[in-house]
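> If you scroll down you'll find the structure; I have some questions about it.
The values are calculated or read from the model by the stated rules, or taken from the named source; none is laboratory data. Bear in mind the structure is a predicted one, so any value in this text is a computation, not a measurement. Please note: Cβ atoms are built from the backbone with ideal geometry, for glycine as well, and neighbour counts cover all protein chains shown. The accessibility values were calculated without ligands, DNA or RNA, using every heavy atom of the protein model including side chains. Shrake-Rupley method; radii C 1.70, N 1.55, O 1.52, S 1.80 Å.
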Amino acid sequence: MQTKANEFFENLNGKKVAFIGAGVSHKELIEIFTSKGAIVTLCDKKTLDKFGDYGEKLNEIGVKLSLGDEYLEGLKNQDIIMRTPGFEFYTKELQDEIEKGTLVSSEMELFFELCPCKIYAVTGSDGKTTTTTLISEMLKESGKVVHLGGNIGRALLPIVEQVKNDDVAVVELSSFQLISMRKSPDVAVVTNVTPNHLDHHKDMQEYIDAKRNILLYQNRASKAVLGYENDISRNMEDDVKGKCVFFTRLSDISALPDCGYIDENNMLCVGEHKIVNENDVGLRGKHNLENLLAAFCAVNGDVPYEIMAKVAKEFKCVEHRIEPVRTINGVQWFNDSIASSPTRTIAGLKSFNQKICIIAGGYDKKIPYEPLAQPIIDNVKLLVVMGQTGPKIEKVVREHPDFEKSGIVILHAENMEEAVKLMYDKTKSGDIVSLSPASASFDLYPNFEERGKHFKQLVNAL
């Protein structure tokens, strides 16, 4: 039987397609598109010598190259432009081509258009990856074939022709992916929306509007799961076309049908169904109870309650998210490199029942650090700052009226090696150390994963 995916790939023959950037997913797609007969141009800031062996591969498969400072010239006179999420959608050169009628899409957008199965998608400023992973684990445990993608898992467009109608896709979506989306998932989760990525978005409203795209193209058969405690995500109820449910660990919303909440006996519930006691949950941190509630609401009706409980008890952590690294000389070390904003760091700080020692600072995303001051005063005994935002974090902490009596010690590091050594020298048995940057990684690392891996290597080498 001919599927939308089969038809799309057949129709690529002779089409002119430009790819912006040669990231992991684009490398795979460039080979697929050329094999289907597309006339492919790669547009990339890098010059050919920077591609190494891959440059030879591009020549071998007949890819045209538009490289260096004028790389965007290659966008002209194309039938399709494939945008990488990191390339800003409102760039003039891209908008000019859209006005001419060129189809501008992306790996995730095309997957949404061509996917034959039910799609669950998660966005939000915090909790996306853990919630997405929990949804995936619950569906897998219930016997479904799950395709995990977006910001985690693998690129899904290259395998869309193999996806079956009764499979499920579970994807994590960033604002960069959503900003140009014109199709929404069957089940959409918005964990929360707080200031983030304001170095890329022109303002907070553009960031919010990008997130809203996960809901705007749903229909009456769709479901939306919204964080209740966050004003922005809660108010997105106005955008919902189908069923709307909320989740929260702080408010009593038990009267609302099929919502996620914690009852007076510490049971995580969905509607009238009591799933699991919070004391039996495997994940560390109160914020992860919210991630669990969001996942429960998302799969409710598709996954039995006993399987929800099983996953909640057995699932321990996602890499780089309050991930235990090791205990040395009685000091516990944790990797929370995902904490690339103040709200994420605050959630991590509240996951421990004692004052801890943190490494903070990194790339500046132009977001406010004032909200971080009080939680650091309340939850931190030793603060090592580094990176572009280190001085900003130190400033808001020192200016807090309770700084002097808090007893917090603040030290400075030039890099991760120095930060880890300072922590090793200044901590004692019983202490907890966490990499909790409250900042992106791009001043020193390509992404938060590489930052977390380097931190773990250093700690494991102590």
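> One residue is enough: does segment 204-219 have a residue meeting the conditions at pLDDT 95 or above, among the aromatic types (Phe, Trp, Tyr) and open to solvent by 70 Å² or more (accessible area, probe 1.4 Å)?
Yes, segment 204-219 contains a residue that is at pLDDT 95 or above, among the aromatic types (Phe, Trp, Tyr) and open to solvent by 70 Å² or more (accessible area, probe 1.4 Å).
> Starting from segment 52-72, keep only residues that are at negative phi and of a type in the set (D, E, K, R), then list their pairs with residues that are modelled with pLDDT of 95 or more and not in a helix (DSSP H, G or I) whose Cβ atoms are within a distance under 7 Å, requiring at least 6 positions of separation or different chains.
64/40; 64/41
> Does residue 351 count as in a loop (DSSP other than H, G, I, E, B), surrounded by fewer than 23 Cβ atoms within 10 Å (Cβ to Cβ), among the polar types (S, T, N, Q) and at negative phi?
In short, yes.
> On the given criteria, is residue 175 open to solvent by less than 10 Å² (accessible area, probe 1.4 Å), closer than 24 Å to residue 338 by Cα, touching a strand residue (DSSP E or B) at 6+ places or on another chain (Cβ under 9 Å) and at pLDDT 95 or above?
Considered against the rule, which asks whether it is open to solvent by less than 10 Å² (accessible area, probe 1.4 Å), closer than 24 Å to residue 338 by Cα, touching a strand residue (DSSP E or B) at 6+ places or on another chain (Cβ under 9 Å) and at pLDDT 95 or above, residue 175 comes out as no.
> Counting only residues that are open to solvent by 20 Å² or more (accessible area, probe 1.4 Å) and out of contact with any strand residue (DSSP E or B) (no Cβ under 8 Å at 6 or more places or on another chain), which one in segment 134-150 is nearest to residue 341 (Cα to Cα)?
It comes out as 137.
> Then there is this: If you take the residues in segment 426-462 that are in contact with a helix residue (DSSP H, G or I) (Cβ under 7 Å, 6 or more places away or on another chain) and β-branched (Val, Ile, Thr), which one is nearest to residue 344 (Cα to Cα)?
The qualifying residue nearest to residue 344 (Cα to Cα) is 433.
> Among the residues of segment 116-125, write down those that are open to solvent by 20 Å² or more (accessible area, probe 1.4 Å) and out of contact with any Pro (no Cβ under 9 Å at 6 or more places or on another chain).
116 - this is the single residue of segment 116-125 that is open to solvent by 20 Å² or more (accessible area, probe 1.4 Å) and out of contact with any Pro (no Cβ under 9 Å at 6 or more places or on another chain).
> Next up: Please work out which residue is surrounded by the most Cβ atoms within 10 Å (Cβ to Cβ), limiting yourself to segment 247-297 and to residues that are among the acidic types (Asp, Glu) and assigned to a loop (DSSP other than H, G, I, E, B).
So, considering only residues that are among the acidic types (Asp, Glu) and assigned to a loop (DSSP other than H, G, I, E, B), the one surrounded by the most Cβ atoms within 10 Å (Cβ to Cβ) is 258.
> For segment 398-462, list the helices (runs of 4 or more DSSP H) that sit wholly inside it and hold at least 1 residues that are under 20 Å from residue 369 (Cα atoms); which are they?
In segment 398-462, 403-406, 448-460 are the helices (runs of 4 or more DSSP H) which contain 1 or more residues that are under 20 Å from residue 369 (Cα atoms).
> Please work out if residue 384 is of a type in the set (Val, Ile, Thr), farther than 20 Å from residue 286 by Cβ, in a strand (DSSP E or B) and modelled with pLDDT under 95.
Spelling it out, it is not the case that residue 384 is of a type in the set (Val, Ile, Thr), farther than 20 Å from residue 286 by Cβ, in a strand (DSSP E or B) and modelled with pLDDT under 95.
> Something else now. Kindly check whether there is at least one residue in segment 435-447 that is at pLDDT 95 or above, in contact with a Cys (Cβ under 8 Å, 6 or more places away or on another chain) and surrounded by 18 or more Cβ atoms within 10 Å (Cβ to Cβ).
Scanning segment 435-447, I find no residue that is at pLDDT 95 or above, in contact with a Cys (Cβ under 8 Å, 6 or more places away or on another chain) and surrounded by 18 or more Cβ atoms within 10 Å (Cβ to Cβ), so the answer is no.
> While we're here: Where the second residue is open to solvent by 30 Å² or more (accessible area, probe 1.4 Å) and not in a strand (DSSP E or B) and the first is within 17 Å of residue 174 (Cα to Cα) and of a type in the set (A, V, I, L, M) and lies in segment 320-347, which pairs have Cβ atoms under 7 Å and are six or more apart or on separate chains?
Listed by first residue and then by second, the contacts come to 338/321; 338/344; 338/448.
> Another question, then. Name the residue that is modelled with the lowest pLDDT, counting only residues in segment 311-362 that are farther than 21 Å from residue 408 by Cα and among the charged types (D, E, K, R).
Looking at residues that are farther than 21 Å from residue 408 by Cα and among the charged types (D, E, K, R), I get 319.
> Now for a separate question. Residues in segment 312-334 that are under 22 Å from the mean Cα position of the chain (by Cα), in a strand (DSSP E or B) and crowded, with 24+ Cβ neighbours inside 10 Å: how many?
So the answer is 1.
> Only residues that are over 28 Å from residue 232 (Cα atoms) and of a type in the set (Ser, Thr, Tyr): list them for segment 110-155, please.
Of everything in segment 110-155, just one residue is over 28 Å from residue 232 (Cα atoms) and of a type in the set (Ser, Thr, Tyr), namely 142.
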